[in-house]
Each structure stands twice: as structure tokens, then as C-alpha cells.
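Beneath this line is the structure, given in C-alpha cells, with notes to follow.
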Amino acid sequence: MLIYFIRHGETNFNKEKRYQGSLDIPLSEEGKKKLCRADFEAEEVYVSTLKRSFETAEILFPGAKKIRVQGLNEMNFGAFEGRTADEMENDPAYRKWVEDYCESRCPGGESREEFNERVQKAVLDIVSRERDKEQIVILAHGGTIMAALERFGNPKRSFYDWLPGNGSGFVFSYDPKEPLETMRLIDEVAYADSFVEMKI
């Protein structure tokens, strides 16, 4: 089985380096133009419930059924959403969160542990349902991919080392008879002209 993890295309918030999180920000017009159709077909694509994920799937896989999964949504950054790090440099709550290595709960949002648990459960549920398929496509968010691959991805990397660029991602080989933690990275994919290659 092949499992694809692909990040949505660029939004204005991405370009402005704003925390998007749970905000339902659509792709920018420039972001849409940068994307191209995927080089393979998919009958189904698992997406988050947020527009930027769905809109990207429509461009990459126009004929596929889009299955929305709440658990694939980006981390909820609470009071930090819609703002940049520079705008919050004197915000005590933001400074404390950064000093906690961005792992504590955001005011009004999630902690990294809560986010990781939500995402990992959603991915496990998807893979469990699709064990008889030859491929699974998950098209979601940078944080979602990092949370999933920090636990399940091989070779082992830290959370931040799994961040793909907009419109790009990773392909894994997986034997459904084995635990998901055994899946192995075999390739990278890019469906946007802003892709920067990472080292496998």
C-alpha cells in the first residue's frame, strides 16, 4: 500500500506568515495558480473540513471523492490565530507559549499533545478503514502532517523536520499487516511551483 500525505496550497495567511490554525482561510488566487493536477489518479481523497484543504484536493484530484475528516484539521492556535509572531512579540501569553517550546495549550486553543492525539487517531482510523486499498491520499495541513509523521514516519524525524512546503508532501510504503509505525518514506511529491526538495 502507498500512503500519501500532501499539504494544501498557499493562502494569503501563509504568505503573510500568520497563524491560520482553525480559521477557515481559502487558497489565495496565486496559490491556486501555483498548483497543478497530480500525476496519478485517486478515487478518494481524505481532507480536513477547512476550505484550503478541500480546494487543493479539487485542483490536484478533480475526479476524486473528497472525504472530510475533522480530526485532520490544523492545530487550533486559539488567541494566536490571524496574527504573526512579530505582532505578538510583546504578548506575554505568546512569549510564554514559545518559551514552552510551543507545546503548552494556546489560550482558547489546543496543546501540542492534544493536537497530536487527535491527528494520530484520525490517521489510524482512516488506515484501518482502507486496509484493502492500494493507496490512501491524505491532503491536509503542515501541522497535521508533522503530527502524524512524528509518530508513524520512517526514518524517524522530529516534529518540525516533517514540514512540507505548500502543495507538496511525502509518499510512504506500508504493509497493512504491520503496525502503522513501520511505514517507510519512499518519495516526495510536488504539485506547486514553489516546492523545495527535502533530503529523504
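The values are calculated or read from the model by the stated rules, or taken from the named source; none is laboratory data. In this text, all values refer to a predicted model and were calculated from it rather than measured experimentally. Positions of Cβ are generated from backbone atoms using ideal geometry, with glycine treated the same way; all protein chains shown enter the neighbour counts.
For region 58-85, what are the residues that are crowded, with 23+ Cβ neighbours inside 10 Å and either in contact with a strand residue (DSSP E or B) (Cβ under 7 Å, 6 or more places away or on another chain) or of a type in the set (Asp, Glu) (or both)?
Result: 60, 61, 72, 74.
Go through (1) charged (D, E, K, R); (2) within 18 Å of residue 189 (Cβ to Cβ); (3) within 17 Å of the chain's Cα centre (by Cα) one by one and return the number of the condition residue 24 breaks.
Among (1) charged (D, E, K, R); (2) within 18 Å of residue 189 (Cβ to Cβ); (3) within 17 Å of the chain's Cα centre (by Cα), residue 24 violates only (2).
Can you give me the ranges of the strands (runs of 3 or more DSSP E) entirely in region 112-200 with at least 1 residues that are under 19 Å from residue 71 (Cβ atoms), touching a strand residue (DSSP E or B) at 6+ places or on another chain (Cβ under 9 Å) and modelled with pLDDT of 95 or more? I'd like the intermediate steps shown before the answer.
Working: elements: 135-140, 168-173, 184-190.
So the answer is 135-140, 168-173.
For every residue, the table says whether it meets (1) within 22 Å of residue 163 (Cβ to Cβ); (2) without any contact (Cβ under 8 Å) to a residue 12 or more places away in the chain; (3) in a loop (DSSP other than H, G, I, E, B).
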residue: 42; (1), (2), (3): no, no, yes
residue: 67; (1), (2), (3): no, no, no
residue: 76; (1), (2), (3): yes, no, yes
residue: 79; (1), (2), (3): no, no, no
residue: 82; (1), (2), (3): yes, no, yes
residue: 97; (1), (2), (3): yes, no, no
residue: 110; (1), (2), (3): yes, no, yes
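Quick one: would you say residue 108 is on the phi > 0 side of the Ramachandran plot and among the small types (Gly, Ala, Ser)?
When the stated conditions are applied, residue 108 passes them.
Which residues, taken from region 16-54, are under 24 Å from residue 110 (Cβ atoms), surrounded by fewer than 21 Cβ atoms within 10 Å (Cβ to Cβ) and not hydroxyl-bearing (Ser, Thr, Tyr)? Step through it out loud before you land on a result.
Restricting attention to region 16-54, the residues satisfying the condition of being under 24 Å from residue 110 (Cβ atoms) are 16-27, 46-54.
With the extra rule that they be surrounded by fewer than 21 Cβ atoms within 10 Å (Cβ to Cβ), the set shrinks to 16-18, 22-26, 49, 51, 54.
Correct list: 16, 17, 18, 23, 24, 25, 26, 51, 54.
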